[in-house]
Structures are given as structure tokens and as C-alpha cells.
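The values are calculated or read from the model by the stated rules, or taken from the named source; none is laboratory data. Fair warning: this is a prediction, and the values are worked out from it, not measured in the lab. Counting neighbours? That spans all protein chains shown, and the Cβs are built from the backbone with ideal geometry, glycine included. SASA here: full protein model, heavy atoms, side chains in, ligands and nucleic acids out. Shrake-Rupley method; radii C 1.70, N 1.55, O 1.52, S 1.80 Å.
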Amino acid sequence: YKSLNEAWSAALSDASSTGQNQTIRLGPGSFNVTATLDEPTNGACVSLVGSAGASTTADTTNASTTLNVSANLNGPIFYEGNTTQAQGCTFRNLNILGNQNATYGFQMEWFRGLMMDTVTVNDTNDEAILLGEESTTSGHQSNFLMRNVTVSYSSAKFTPANRPAYGIHLLKTAIDSYMDDIL
């Protein structure tokens with residue numbers, strides 16, 4: 001595929017038509033994100049796995065699998081709503097540069113078995129990671145495993161007074177989960 005968004009669209013189409021999870025694997029390098037990467041609405045997932053670990057330094061472009069948001073998305077980079085519970089989404093070995101062009105790195109509402117491993121999210125306009133839903137009236141419950149996750153905001157772009165209130169924001173329905181090595 002010529003772009004990450006093109007590969008995502010193909011995987012989304014396959015996941016939507018088959019109901020089976022799809023995985024995109026990326027090598028080291030920089031990959032532009034030009035539109036929000038929406039998850040399927042049928043309970044399947046599109047997972048994204050890089051091949052080089054993330055960095056703990058803000059705005060680094062070292063030899064990692066880097067997603068670069070160079071234009072305003074007017075929303076999150078990854079989005080999964082509350083239509084049907086997504087199961088088994090995996091995001092691993094990714095360095096995400098929001099460049100103040102994304103609201104959230106991840107906005108995931110209703111899911112089971114979400115895994116984020118060795119992921120860095122830099123410079124989003126709001127929380128880097130927003131998981132679950134605020135309202136519990138629908139009875140939705142979401143659980144995840146999150147480890148080796150870093151959230152950072154460049155001091156050149158965000159003063160302490162204008163940084164988002166939360167790097168990782170867990171809403172009421174994000175329950176029974178595990179977090180380890182979070183920076």
C-alpha cells in the first residue's frame with residue numbers, strides 16, 4: 001500500500017466483511033496519518049504492530065516505527081466507538097507524534113482485551129489515551145492491558161499551564177484492567 005491510511009482502509013474492509021480481526025505490521029520508519037483510523041463497528045479489530053520500540057523522549061524520530069500526524073485530524077488518531085464491543089485490538093511498538101494535530105492518540109470506548117504495549121503518544125491536544133465511557137447506563141464494560149506506555153508533551157509546544165489535564169484518562173466503564181510501566 002502507498003500509505004498507512006490506505007492499508008488501514010483495506011484491513012477495515014476485510015474486518016468488516018469477514019468479522020475477523022486484521023493486523024497491519026509496519027517496519028521501522030515514519031508513516032503519515034492523514035485521517036482518523038476508525039475501528040470496525042462489528043466487533044472485529046484492526047490492530048497495528050510496529051517492529052521497533054517506542055522512545056520515551058518527546059518528538060523523537062529515532063529508529064522506531066513512527067506515526068506522524070502532519071495535518072489536523074479534527075479528532076483522534078485511533079477511534080473505536082460504542083456500537084459493538086471490539087475484542088482483541090493490539091497496538092504495539094509504536095511512537096506516535098500527534099504534533100498538536102489530533103485530539104487524542106486513542107479514543108476507545110467499548111472493548112475487551114485491548115492491548116497497548118511499548119507505545120508512546122506525544123503532543124495530542126487533549127488526553128493522549130482516553131479509554132471507556134463516562135456513562136454507565138448502557139451497561140458497557142471495557143478491559144485492557146497497558147504496559148510500557150509513555151505520554152509526553154513537548155515543552156516547546158506545551159507549557160505546564162496549557163497541557164491536557166490527563167495523559168491517560170480512564171472513564172467509568174474501563175474496569176478490571178492491568179497497567180505496568182506507565183510514564
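For first residues located in the stretch 16-41 and of a type in the set (Gly, Ala, Ser), partners that are modelled with pLDDT under 95 and lie 6+ apart or on another chain with Cβ distances below 6 Å form the pairs Gly27/Ser51; Ser30/Thr66. For Pro76, the conditions (1) part of a loop (DSSP other than H, G, I, E, B); (2) open to solvent by 20 Å² or more (accessible area, probe 1.4 Å); (3) modelled with pLDDT of 95 or more all hold with the exception of (2).
Please verify whether His140 is closer than 22 Å to Val69 by Cβ, in contact with an Asp or Glu (Cβ under 7 Å, 6 or more places away or on another chain), of a type outside the set (Asp, Glu) and in contact (Cβ under 8 Å) with a residue 40 or more places away in the chain, treating the condition exactly as stated.
On the way: closer than 22 Å to Val69 by Cβ: no; in contact with an Asp or Glu (Cβ under 7 Å, 6 or more places away or on another chain): yes; of a type outside the set (Asp, Glu): yes; in contact (Cβ under 8 Å) with a residue 40 or more places away in the chain: yes.
In short, no.
Among the residues of the stretch 102-121, the one identified as free of Cβ contacts under 8 Å to residues at least 40 places away in the same chain, open to solvent by 10 Å² or more (accessible area, probe 1.4 Å), closer than 18 Å to Ser152 by Cβ and in a strand (DSSP E or B) is Asp117. Annotation: of all residues in the stretch 127-144 being open to solvent by 20 Å² or more (accessible area, probe 1.4 Å) and β-branched (Val, Ile, Thr), the one that is farthest from Gly75 (Cα to Cα) is Thr137. Output the residues belonging to the stretch 124-142 that are in a strand (DSSP E or B) and at pLDDT 95 or above. Within the stretch 124-142, Ile129, Leu130, Leu131 qualify. Asn95 passes every criterion in (1) touching a Lys or Arg at 6+ places or on another chain (Cβ under 8 Å); (2) crowded, with 20+ Cβ neighbours inside 10 Å apart from (1). Can you find a residue in the stretch 149-161 that is assigned to a helix (DSSP H, G or I), modelled with pLDDT under 95 and out of contact with any Phe, Trp or Tyr (no Cβ under 8 Å at 6 or more places or on another chain)? So far as the stretch 149-161 goes, yes, one or more of its residues are assigned to a helix (DSSP H, G or I), modelled with pLDDT under 95 and out of contact with any Phe, Trp or Tyr (no Cβ under 8 Å at 6 or more places or on another chain).
Of the residues making up the stretch 111-127, those that are farther than 14 Å from Leu183 by Cα, touching a strand residue (DSSP E or B) at 6+ places or on another chain (Cβ under 6 Å) and not charged (D, E, K, R) are Phe111, Gly113, Leu114, Met115. Residues in the stretch 145-163 that are farther than 14 Å from Ile182 by Cα, open to solvent by less than 70 Å² (accessible area, probe 1.4 Å) and of a type outside the set (Gly, Ala, Ser): Tyr153, Phe158.
Table: residues versus (1) open to solvent by less than 10 Å² (accessible area, probe 1.4 Å); (2) touching an Asp or Glu at 6+ places or on another chain (Cβ under 7 Å); (3) at pLDDT 95 or above.
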| site | (1), (2), (3) |
| --- | --- |
| Asn5 | no, no, yes |
| Asn21 | no, no, yes |
| Gly27 | no, no, no |
| Cys45 | yes, yes, yes |
| Val69 | yes, no, yes |
| Asn72 | no, no, yes |
| Gln87 | no, no, no |
